[in-house]
1. Classify segment A:129-206 from the C-alpha gyration tensor, please: rounded if a/c falls under 1.5, else prolate or oblate depending on whether a/b exceeds b/c.
2. In percent, what relative contact order does chain B have, based on Cα pairs under 8 Å that are 6 or more apart in sequence?
3. Once you place label points 7 Å from the Cα toward the Cβ at B:His215 and B:Lys60, how far apart are they in nm?
4. Give me the net charge of B:Met172's neighbourhood, meaning all other residues with Cβ under 14 Å from the Cβ of B:Met172; Lys, Arg count +1, Asp, Glu -1.
5. What share of all Cα pairs of segment A:323-371, in percent, falls into each consecutive 10 Å distance bin?
6. Residues with beta-carbon under 12 Å from that of A:Pro28, excluding A:Pro28: net charge, scoring Lys, Arg +1 and Asp, Glu -1?
7. Hey, could you grab the Kirkwood Rh for the protein assembly as shown? Inverse mean 1/r over distinct alpha carbon pairs, Å, one decimal.
8. Which lysines, on any chain, are close to B:Lys211 with Cα under 24 Å apart, when same-chain ones fewer than 8 places away are left out?
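The values are calculated or read from the model by the stated rules, or taken from the named source; none is laboratory data. Since we're looking at a predicted model, the values are computed, not measured. Note that each Cβ is placed from the backbone with ideal geometry, even for glycine, and that neighbours are counted across all protein chains shown. With ligands, DNA and RNA removed, areas are computed over all heavy atoms of the protein, side chains included. Shrake-Rupley method; radii C 1.70, N 1.55, O 1.52, S 1.80 Å.
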2 protein chains.
Amino acid sequence: MTVEAALQYLESQHNALIERLRDFIRIPSVSAQKSHAEDMHCCADFLMKTLTDMGLQPRKMPTGGWDVIYAEWLEAGPEAPTILIYGHYDVQPPEPLEPWTRQPFDAEIDEGRIWGRGSADDKGQIWTHIAALEAYFRTAGRLPVNIKILIEGEEEIGSDNLPGFVQQHAEMLKADAVLISDTSQFAPGMPAITYGLRGLCYLEVRVQGAKMDLHSGGYGGAVPNPIHALAEMLAALHDADNRVTVPGFYDDVTPLQDWEREAWSKLPFDEAEYIKMLGIQKLQGEQGFSTLERLWARPTLEINGIFGGYAGPGAKTVLPCWAGAKISCRLVPNQKSADISKKLENHLRALAPETVSMTVEHMAGGEPSAFPTDHPWIKAGERAISKGFGREPVYTRLGGSIPIVQLFSETLGTPVVLLGYCHPDCGAHGPDEFFGIDEFTAGARSNVFMLDEAAHIPSV
Amino acid sequence: MTVEAALQYLESQHNALIERLRDFIRIPSVSAQKSHAEDMHCCADFLMKTLTDMGLQPRKMPTGGWDVIYAEWLEAGPEAPTILIYGHYDVQPPEPLEPWTRQPFDAEIDEGRIWGRGSADDKGQIWTHIAALEAYFRTAGRLPVNIKILIEGEEEIGSDNLPGFVQQHAEMLKADAVLISDTSQFAPGMPAITYGLRGLCYLEVRVQGAKMDLHSGGYGGAVPNPIHALAEMLAALHDADNRVTVPGFYDDVTPLQDWEREAWSKLPFDEAEYIKMLGIQKLQGEQGFSTLERLWARPTLEINGIFGGYAGPGAKTVLPCWAGAKISCRLVPNQKSADISKKLENHLRALAPETVSMTVEHMAGGEPSAFPTDHPWIKAGERAISKGFGREPVYTRLGGSIPIVQLFSETLGTPVVLLGYCHPDCGAHGPDEFFGIDEFTAGARSNVFMLDEAAHIPSV
């Protein structure tokens, strides 16, 4: 039986797979730093060799930035479903280095973990997929489904070139589902499938008073101060129950479902621990919802930045002529980014006192998404993880947005299954990043099962 | 008669005095720019020569920065009053140069004006005093009063070394009154005596939420946002009537006097023109007071700067861990700077929600001041200007603070008479600065009368 053989391969080749993953992690492929350009090429070459060695014909495909590594295997035939596996080979800068207690690019093994920048985000997790593919190729000589693999090198710098790439190669990338392992478990030993993401709208508002900065002594008390106006406007954006006051803001919100409330209430979320970790006095959010509900299922409005007047050291007695703020909303199904952005602008215009003029610039936006948890691809993921980890995954949503998910889901119209294998406190983007060896093992096993499960889902 | 002779000297030497003033203006004594160090020395030497030529023994006195030029003539005797004349020989940088329609250091004469950086602020105005002294020395060979002259070179960069200098030389600088011509007429042809200045207290407040910046997707809606807290606090600092809500803020305010309300209401202040000049929709200030009253006689609270989160280009989805603001109050007699600063801090602490922690840093401060308009030295100024300009001066207060005035008035305990001769729109600190030739003439004449008037005030 092919699944058994593949699992056995993972077991027998365990040490070799771990050693090669360590080689992968040792390449400091920091996309943000020009000094690592050679390492970025070297890391791409490492993946080229890895994919070539398992019998694929990978390609380095140019973008406006770092190359995309792409490979496909379509010999399962047109009747079999096609899976697109996404990952990224670039990593965050390790800096600042002081807080690290390990060398960021030594890939040291200790306490059952591989330590290093990129070990969890995303090299270790993409390696679970590579290991599963290799296990099938080296045993059965084939896969149970068609596979496309896209590993980019710009995720940590915003994936700026990916939307163009995906649009340009939409036909090539066509698939029945996208698998991504770039999220985490909900708690250690509790792998998660993320089925919902919040959307986003983002705008910058500026209010203008006088046409030039003024001396606060010569004009203060008689001339409108745009910081005062802005503070009043911003203070009016939430009511006493911490609900957003933008008219119509909640009109289209898909209410939280009973099973979600119930399931989430049972997740091991320690509010006291969370407060301590954040170093805050207390939590604050929309009345009537728990913290996870506020983060996963409710729309929010946050001021991301505010500026106006003098911000340097010491005292400057200026009455500034303008002030501004960056404001974003996290959106949930079935809100529309452009609609909320417009409603927010209208509300700000209504709040702006007549003493100032106001301009708005609409910026980044993205739609919220949620895949039904009974979707055949999600269900396949659930069964695969159950077998791979020996326990059912939990269903989580994400407070943030993953633009790549929205990109695949909107541009390709493909369901995206987010299989989170790494530790929730894995240190991604921070010091002492790690990937557990047992997480690698269970993740790779889950992926073997996933390919098998996928073979039983009819292609669309 | 000595006054007549002095006036005649001004008339007969008019062209020569103007030519020498042009020489003075042509020296680009920009204290802020190191590249003008040689010019600063050259300008100090110009004054040394000027004062020497009229028979004084001026000294270049070192400070931590640019030299002070100091001279004194005490031969009027211990029974006669002593006047300290203050001015500054440094000028603002002329940059940006684009808006200038004249060369900033050519001292061109056109339209009855001398055009150039520093022509009004303060070279032209200090020159009116030098001309008056010279007129007496060259005609009577003596002055009717004792004179001390202090001309500093750091006024445009904050007079950082002057407080130390004045304290160190308090005995040397002892005088019955200080005369300063560094303010302006209220309107063209309407010379002004400024008898009141607002004081200042200034603080920076910071509110802190979580101990680190957070992702607004991952935490937004559940974790306190310090920008929200700050906006609420700042919005609560004024009520609907634009009165400051700090408890006890107005307790010690000396009420506006009837004669001030009446006199100011008759000043040619064109509100429509003012609004147009500022480019604002409408004025805004404390209910129940006119614009001049708000600016001159009422205390204010202004936010001078606000900052927190992301202020760069584009969108960053950060939930910042802190935000801050710089807040200052302009104070009027009989408020105390430290008292209001403390009351403001207490009020902010009361307004801060329990979701954030708050710190306050108290910064610059200064007491308000007002000299009674029936003070003998003020009255002497009124008579001098009446004769010099052929019309009575108007009594004005200033919305701002002049630290030098407070320095002299507090350190030396001396009344300060502010004789404003230049045009209210003279371009000080901006492009196309000018000093009217008739302003020079009337100012110098007023100063001749002032020295004569001063001789009749008993020394204290």
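1. Taking the square roots of the gyration eigenvalues as a ≥ b ≥ c, segment A:129-206 is oblate.
2. Relative contact order of chain B: 26 percent.
3. Each label point is offset 7 Å from its Cα along the Cβ direction, giving 6.4 nm.
4. On the way: positive: B:Arg59, B:Lys148, B:Lys174; negative: B:Glu72, B:Glu171.
It works out to a net charge of +1.
5. 22, 48, 22, 6, 1
6. Its environment carries a net charge of -2.
7. Result for the protein assembly as shown stands at 32.5 Å.
8. List returned: A:Lys276, A:Lys282, A:Lys326, B:Lys316, B:Lys326.
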